[in-house]
Each structure stands twice: as C-alpha cells, then as structure tokens.
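Quick notes on the structure that follows.
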Amino acid sequence: MKDRRELYSLLMEDVRARTSWEERQRLWYEMRHGGLRRKKKLPWQADLHYPLADSLINKLKPFYFQQVYGNELAATFIPMNDQADEALARQMSIWFDHQIKQKSNFEQEVLTCIDHTLTQGLGYLKISWNQDKKTVHFDSVDPINIILPYYTTDLSKVERICHVMQMSVDAYRSNELYDQDILSKIKGRESEGARATTFEDTKFRREGITVGTESDQVVVWEVYERTPDGKIMVHTFSPVAPEHDIRPSFELPYKHGEVPFVSFFTEIKDKGIYSSRGICEMVAPFEAFLCKLLNEKADAMTLYNRPLFRCEQDIPNTNNLRFGPATILPVGVAPVPMPQPPISFDQEMINQRMIAEYLTSMPDFGLAQQQNSKNARTATEVSQIGALMGQSTDL
C-alpha cells in the first residue's frame with residue numbers, strides 16, 4: 001500500500017495527463033447545453049444554435065435503453081450439476097431480474113449513464129450494496145469525476161481509481177463515518193488551514209475536482225488502490241488536506257476482487273480509456289456549420305425583409321421620409337433589388353445533417369433522402385436500412 005502523499009501525487013499526475021481531454025469535455029458540454037455562440041456579430045445579426053448533437057443523442061438513447069430492457073432477463077443461471085433442477089434455475093433468473101430492475105434504482109441511473117456515454121464517449125456506473133435498504137445500489141458517475149491512469153484499458157486490472165464526490169456541508173455532516181473535526185479545513189474554495197501548495201499544484205487545481213466551487217461545498221476523494229497481493233484498499237480523504245483521513249482506510253469486502261465500477265464506451269478505437277469519442281465530438285464540425293447556415297439564413301431574411309433604397313436625386317431632409325404600407329415615396333426613390341442566395345440554405349442544412357447521421361449510425365431508415373429520389377422507398381428497403389442501422393447501434 002502506497003504512502004498517502006505518494007498516492008496523492010500519482011492522482012495529481014493522472015489529472016494533469018487528462019488535461020486536454022477534460023477541456024474538450026467542457027467544450028462539448030457547452031456545445032450541447034448552451035450552444036455555439038457567434039464570437040463576432042453586429043447588433044442586427046442573429047445568434048442562433050442548431051441542436052444537432054443534442055437531437056442525435058435524444059434519438060439514440062432509446063436504442064441503447066432497449067439494449068438493457070429488450071432482453072427477457074438480465075441474466076440466465078445454468079445449473080453446474082446436470083441433475084439439478086432447471087426449473088429452479090429459471091426461477092432464480094426471474095428473481096434476479098426482478099431484484100435488479102424493480103427493487104433498485106437501476107432504471108433511472110442507467111439512463112443517466114447512457115447520456116454520459118453518448119455525450120462524452122465514456123460513462124461509469126458505480127455498483128455497491130445498500131445496507132439500509134438491503135438491495136443493490138447503482139450510481140451513474142460523470143466521467144469528469146473519475147480519475148484514473150490515462151493508459152488504463154481494463155477497469156478489472158486498474159492500479160488505482162478515484163471517485164470525486166462533491167457534497168454540501170450538511171451532506172458531509174449527515175455521514176456518521178466521516179471525521180467531522182476536519183470539516184473546517186476542507187470545505188469551500190478558501191479552506192481554512194489548507195496545506196501549502198507548490199506553484200505546479202496550484203496551477204492544476206480544478207474547481208469541483210480538487211477544491212469546492214462554493215464556500216459551503218466539500219470535495220471528497222474516494223480512492224480504490226490495488227495492492228501487490230491483489231487486495232483493494234479504499235482510502236477517503238480530501239485533496240485540500242490529503243494527510244488527514246476523512247474515514248479510516250479499509251479493504252473492499254467484495255469477493256470478486258474488482259473495483260465497483262463498470263465503464264461504457266460509445267466507440268472502440270485506440271487503446272486507452274480516453275480514446276472513445278462521444279456524439280458531440282463526432283458531429284462538432286457539422287453542428288458548427290449548421291449554426292453558421294442557420295445564422296446566415298436569418299441574416300438574409302433580415303436584409304431581404306428590410307430592403308435598401310436608392311435615390312437618383314438629392315433629398316432635402318431625409319428625416320421626413322417614412323416607409324410603410326400605403327406610403328408615397330419621393331420622386332427618384334426606388335428599392336435596391338436583392339440577388340438570390342448563392343446556395344439553398346435548407347438543402348445544405350439537410351445535407352450536413354445526413355452526413356452527421358451517417359457518421360453516428362443514426363437509425364433514420366434513410367427517410368431523409370426521400371426528397372432526393374424520384375421513386376418512393378419500398379417497405380423492404382426501409383426494413384433493410386433499419387436492420388443495418390440497428391446492427392451498428394448494437395455494436
């Protein structure tokens with residue numbers, strides 16, 4: 001088991017190693033929820049956002065949810081002894097499925113996990129035992145709040161993994177297992193009695209990761225460390241004061257010998273836990289172009305609906321001119337004809353959306369191509385395209 005200071009240093013190196021990935025995730029979150037805003041615009045110009053990534057994620061979520069609930073049972077038990085009662089094994093399978101799906105918070109948490117996976121390309125589901133309710137407990141964890149070595153490929157063999165838990169002061173106080181005497185040292189951004197940090201440590205402090213974003217927020221690190229003899233030790237401390245134990249270290253009691261986390265990926269490509277791309281990263285160029293097309297279309301509508309006027313002779317007082325219905329213009333005043341747009345905005349937006357749907361294997365059954373074809377699509381063609389898209393989603 002490593003020394004606490006050594007373990008903290010290794011975790012900070014893991015945070016530094018994922019800096020570029022973390023910054024990209026913040027960009028994708030802003031793109032999906034706030035939209036890609038115009039950096040430079042005139043007061044009359046539009047600042048609209050085309051929600052391409054958000055719409056694709058909302059359409060894909062039911063397909064992934066169907067992966068979980070489409071099967072009849074969550075697991076099937078097979079008797080190890082040929083003489084065993086197969087009917088009993090069937091009953092056990094039904095009982096297990098009922099406990100997981102109906103007697104726990106699995107249904108709600110798996111939806112959140114699917115959303116994280118599609119948005120960020122990576123999702124985590126923490127599985128534990130709720131001693132009070134005597135049931136399995138699931139917790140979908142934002143990938144930002146999971147710290148592990150960047151070269152990790154398999155969680156079952158991970159050396160260390162840290163769950164960053166952000167909680168209020170009241171939530172901290174309600175946990176009887178936590179040391180209440182060090183609360184004043186670890187809460188908030190300007191923690192009282194916080195340790196002295198080097199410039200490098202201060203440079204890589206993250207709001208919500210190593211320090212609280214608010215004065216009444218506490219950041220707790222729950223670290224799972226695999227020892228050389230195969231045991232998994234759990235350490236609980238605050239990154240603000242890692243030398244103090246919030247909870248005494250203990251050995252993970254589960255017999256499976258693995259950390260209680262399961263990872264999900266949108267795609268499998270390069271090795272490494274952070275190699276998977278989410279829907280936002282895949283379609284970011286297309287969404288940026290769609291936002292530009294939408295804004296240009298709105299700007300063109302503004303110009304065309306408010307035409308310019310030219311006058312062939314001098315007008316003594318332009319302040320007396322009024323433009324409106326049934327208004328007589330002075331002699332020599334005429335509107336300037338506007339040329340047609342060089343492209344069809346609507347057609348180009350459809351083209352960009354279709355490319356994004358092909359890239360993400362969005363099962364749209366090819367109906368978006370209907371207007372580009374002279375012949376109507378047959379039911380067989382739609383069925384075949386749907387089966388192909390469904391296989392891509394299954395993969």
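The values are calculated or read from the model by the stated rules, or taken from the named source; none is laboratory data. What you see is a predicted model; the values in this text were computed from it and never measured. Note that we place each Cβ from the backbone using ideal geometry, even for glycine, and neighbour counts take in every protein chain shown. SASA here: full protein model, heavy atoms, side chains in, ligands and nucleic acids out. Shrake-Rupley method; radii C 1.70, N 1.55, O 1.52, S 1.80 Å.
Observations, loosely collected:
- Å² per residue, accessible surface of the stretch 211-274 at 1.4 Å: 48 Å²
- Accessible surface of the stretch 36-97, 1.4 Å probe: 57 percent of it comes from carbon and sulfur atoms.
- Where ARG353, ARG18 fall by accessible area, highest first, once all protein chains stay in place (1.4 Å): ARG353, ARG18
- Near MET349: Cβ cut-off under 13 Å, other residues only, Lys/Arg at +1 and Asp/Glu at -1. The net charge is -2.
- FRET efficiency, PHE323 to LYS40 (Cβ-Cβ, R0 25 Å, nearest 0.05): 0.30
- Across LYS61/LYS101; LYS2/LYS269; LYS61/LYS103; LYS134/LYS255; LYS39/LYS297, pairs whose alpha-carbon gap is larger than 26 Å: LYS2/LYS269
- Overall dimensions of the stretch 1-83 as given by Cα atoms, namely Rg and Dmax in Å: 23.6, 80
- A Förster distance of 30 Å, applied to the separation of the beta-carbon atoms of ASP229 and ALA75, puts the FRET efficiency at 0.50.
- Relative to the current alpha-carbon distance between SER174 and TYR29, full extension at 0.36 nm per residue lengthens the span by 49.0 nm.
- Burial ranking of peptide ranges 143-149, 243-249, 230-236 (average Cβ count within 10 Å, highest at the top): 143-149, 230-236, 243-249
- Distance from the C-alpha centroid of the stretch 101-155 to that of the stretch 235-312: 17 Å, rounded to the whole angstrom.
- Note on LYS185: lysines with a C-alpha under 22 Å away, same-chain residues under 8 apart excluded, are LYS203.
- Segment THR153..ASP47, full-extension length gain: 34.0 nm, with 0.36 nm per residue of separation and the alpha-carbon distance subtracted.
- Accessible solvent surface per residue of the stretch 1-61, calculated while the other protein chains remain in place, 1.4 angstrom probe, Å²: 58 Å²
- Note that the stretch 178-183 has calculated 3J(HN,Hα) couplings of 8, 6, 7, 6, 9, 4 Hz, one per residue in order, obtained from phi through the Karplus relation 6.51 cos²θ - 1.76 cosθ + 1.60 (θ = phi - 60°); glycine and proline are x.
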